[in-house]
Amino acid sequence: MVRTERLTPARRRAARGLPPWWVLAAFLLPAVALYTLFIVYPLFSALQYSLYSWQGTQRTGFAGWDNFAHLFSGVYGDRLWRAFGHNLAFFGGTMLVQTTVGLAFAVLLRGTRTGRRFLQTAYVLPHLVSPIVVGYLWSLMLSPQFGAVNAALRAVGLDALARPWTGDPALALPTLILVNAWQWIGFPMLLFSAALAAIPPAYEEAARVDGASGWQAFRHVTLPLLVPAIGIVTVLTFIGNMNVLDLVYAMQGSQGAPAGATDVLGLLFYRTAFNNPDPGAIGQASALAVVMFVFIFGISIAATRVLRRGEARLR
């Protein structure tokens, strides 16, 4: 009878070509420590601060849900819901523009050989620039006095289209949405380009053989295979736009000018934490941060699960 030797966990890992556990721990420890210090600890600190009442920087006692109740009551509640609506509009508009245009660029560049690398680089460059810098540059370009946009319109005889783009309450938010989409359009374009490159050409060729036109082949064959990439873009765009602050601050200031037409949750949090005469500002700002985190995190997890189910159906 042949006796078989049982492999220890260490030998099993070695047989699979995996390093010892202590090597993995040594490499993971710095990342885990930084993540805990700058992400986990602030989250739990904000939750703790939101449950107490404050006098300046002094914690005075347990407040329970009072800070959260303050967020949804009175004038502050009106500002919160208005800012929340602006964030949703920001997400919807950005998603519509950047996804549509980014996908169109990816499809067009897929069939282009001459200058493709240059065009991809040109589209991605704004994505690499700080939103603060982009905001200041566009605020200068959109200036009604000396901005390049109105000057160009007047130069070609379209004086009637010259507008105070960031000074009109009806135009300010759509203008910011277009600027935001312009900056981030390179990100979905890269994801869609990678997803298109992974689709075998034989799929579209088979559809063409069956008599499908180019649009029909794209709609019924290519587009469904892009659902995973569209899902990633949707979730990341939602997270980014619900947390938007720097671009709006650079172009419209901390008050969300004009007359609060561009106020968003990030600006509301900033004013509550750093420009608030109320001695309980720390508790109120922490409560707002917790609400924002729970909402964004919850929606992102739910959307990810729904998208994974859709991907499973495609398989």
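The values are calculated or read from the model by the stated rules, or taken from the named source; none is laboratory data. The structure displayed is predicted, hence computed values, not measured ones. Note: ideal-geometry Cβ built from the backbone for every residue, glycine included; neighbour counts use all protein chains shown. We work out accessible area using only protein heavy atoms, side chains counted, and drop any ligands, DNA or RNA first. Shrake-Rupley method; radii C 1.70, N 1.55, O 1.52, S 1.80 Å.
What about residue 244, is it out of contact with any Cys (no Cβ under 6 Å at 6 or more places or on another chain), β-branched (Val, Ile, Thr) and either open to solvent by 50 Å² or more (accessible area, probe 1.4 Å) or part of a helix (DSSP H, G or I) (or both)? Taking the combined requirement at face value, the residue does not satisfy it. Within the option set 307, 314, being at pLDDT below 90, open to solvent by 70 Å² or more (accessible area, probe 1.4 Å) and either more than 22 Å from residue 84 (Cα to Cα) or in contact with a Cys (Cβ under 7 Å, 6 or more places away or on another chain) (or both) holds for one residue only, 314. With the condition kept exactly as written, say whether any residue in segment 133-141 is more than 19 Å from residue 245 (Cβ to Cβ), under 22 Å from the mean Cα position of the chain (by Cα) and part of a helix (DSSP H, G or I). No: segment 133-141 contains no residue that is more than 19 Å from residue 245 (Cβ to Cβ), under 22 Å from the mean Cα position of the chain (by Cα) and part of a helix (DSSP H, G or I).
Residues of segment 169-186 that are surrounded by fewer than 19 Cβ atoms within 10 Å (Cβ to Cβ) and not small (Gly, Ala, Ser): 169, 171, 174, 178, 182.
Of the numbered criteria (1) under 30 Å from residue 267 (Cα atoms); (2) in contact (Cβ under 8 Å) with a residue 40 or more places away in the chain; (3) touching a helix residue (DSSP H, G or I) at 6+ places or on another chain (Cβ under 9 Å), the one residue 197 fails is (1).
Taking each residue of segment 61-84 that is in contact (Cβ under 8 Å) with a residue 40 or more places away in the chain and within 13 Å of residue 286 (Cα to Cα) and looking for partners that are open to solvent by less than 60 Å² (accessible area, probe 1.4 Å) and outside any helix (DSSP H, G or I) with beta-carbon atoms closer than 6 Å, six or more apart or interchain, yields 63/53. Of all residues in segment 251-282, those satisfying the criterion of being over 23 Å from residue 50 (Cα atoms), crowded, with 20+ Cβ neighbours inside 10 Å and touching a helix residue (DSSP H, G or I) at 6+ places or on another chain (Cβ under 6 Å) are 251, 256, 262. Scanning segment 238-256 for residues that are on the phi < 0 side of the Ramachandran plot and in contact with an Asp or Glu (Cβ under 9 Å, 6 or more places away or on another chain) yields 248, 252, 255.
For segment 143-166, filtered to residues that are without any contact (Cβ under 8 Å) to a residue 40 or more places away in the chain and open to solvent by less than 50 Å² (accessible area, probe 1.4 Å), the residue that is farthest from residue 262 (Cα to Cα) is 153. Filtering segment 64-123 to residues that are at positive phi and open to solvent by 50 Å² or more (accessible area, probe 1.4 Å) leaves only 74. I need a count of the residues in segment 257-281 that are among the aromatic types (Phe, Trp, Tyr) and modelled with pLDDT under 95. The qualifying residues number 1.
Kindly indicate whether any position in segment 190-201 is over 16 Å from residue 106 (Cα atoms) and open to solvent by 60 Å² or more (accessible area, probe 1.4 Å). No: segment 190-201 contains no residue that is over 16 Å from residue 106 (Cα atoms) and open to solvent by 60 Å² or more (accessible area, probe 1.4 Å).
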